[in-house]
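The values are calculated or read from the model by the stated rules, or taken from the named source; none is laboratory data. For clarity, every value in this text was computed on a predicted model and none was experimentally measured. Cβ atoms come from the backbone with ideal geometry, glycine included; neighbour counts cover every protein chain shown. Accessible surface is based on the protein model in full, side chains and every heavy atom, while ligands, DNA and RNA are left aside. Shrake-Rupley method; radii C 1.70, N 1.55, O 1.52, S 1.80 Å.
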Amino acid sequence: MGKTGIFYASKGGVTETFAKQLAEQLGADLHNMKDTNVDAIAAYQNVVLMSSSYFFGALMEDWGSKVKLLHTIDFNGKNVAIVGVGSQERHPDSFCSGAADFFDKLRFSGAHFVGDVCACGYNFTFSRMQAGGRMLGLCLDKGDAKVQEKIDEWLKSVKPIFAK
């Protein structure tokens, strides 16, 4: 079984709460990017990259310049899951868009992306995380009545891959 690490940035604590929940379910190590160097990712076979979105779909500032350093890690053969946190009500025009930066930086890295979800069941007008009828990863909104259901479905899809 590959080692799993969750790398997250959280300002108000919502993303951190979700990260802790996912870490418990996945048996993963938890890394707050405020205090973590990007090179720590190299030690993991399974990587979950998480961030809330701010302003008009920007990554949380603790990812800041660190997201630009992701290319320094060898992602060949690593399983990578993306998790965005946002508000569909307050930011329907950029819901979880910041998390798409992870995909943009790693799309040609050799990473094996896992954990995409159906775009159905969300209520937003635009997200850079959306590709056709799918989201590039799990998008969470603490105000969503079905957030736990979405987490459970996502876990069902990534656990078997992370267990290999």
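Restricting to the range 41-54, and then to whatever is open to solvent by 30 Å² or more (accessible area, probe 1.4 Å) and either among the small types (Gly, Ala, Ser) or modelled with pLDDT under 95 (or both), can you tell me which residue is nearest to CYS139 (Cα to Cα)? Among them, the one singled out is TYR54.
Taking the criterion of being open to solvent by 20 Å² or more (accessible area, probe 1.4 Å), within 22 Å of GLY13 (Cβ to Cβ) and either acidic (Asp, Glu) or part of a loop (DSSP other than H, G, I, E, B) (or both), the residues of the range 123-148 that qualify are LYS142, GLY143, ASP144, ALA145, LYS146. Only a single criterion out of (1) surrounded by 15 or more Cβ atoms within 10 Å (Cβ to Cβ); (2) in contact with a helix residue (DSSP H, G or I) (Cβ under 7 Å, 6 or more places away or on another chain); (3) of a type in the set (S, T, N, Q) is not satisfied by THR36, namely (2).
Restricting the search to the range 55-90, which residues are among the charged types (D, E, K, R) and under 18 Å from LYS142 (Cβ atoms)? Walk me through it before giving the result.
Going residue by residue through the range 55-90, those that are among the charged types (D, E, K, R) are 61-62, 66, 68, 74, 78, 89-90.
Hits for the range 55-90 are GLU89, ARG90.
Checking each residue in the range 104-122 for being assigned to a helix (DSSP H, G or I) and either among the charged types (D, E, K, R) or open to solvent by 50 Å² or more (accessible area, probe 1.4 Å) (or both) picks out ASP104, LYS105.
Against the list (1) over 25 Å from LEU155 (Cβ atoms); (2) touching a Ser or Thr at 6+ places or on another chain (Cβ under 8 Å); (3) open to solvent by 20 Å² or more (accessible area, probe 1.4 Å), the condition GLY57 fails is (3).
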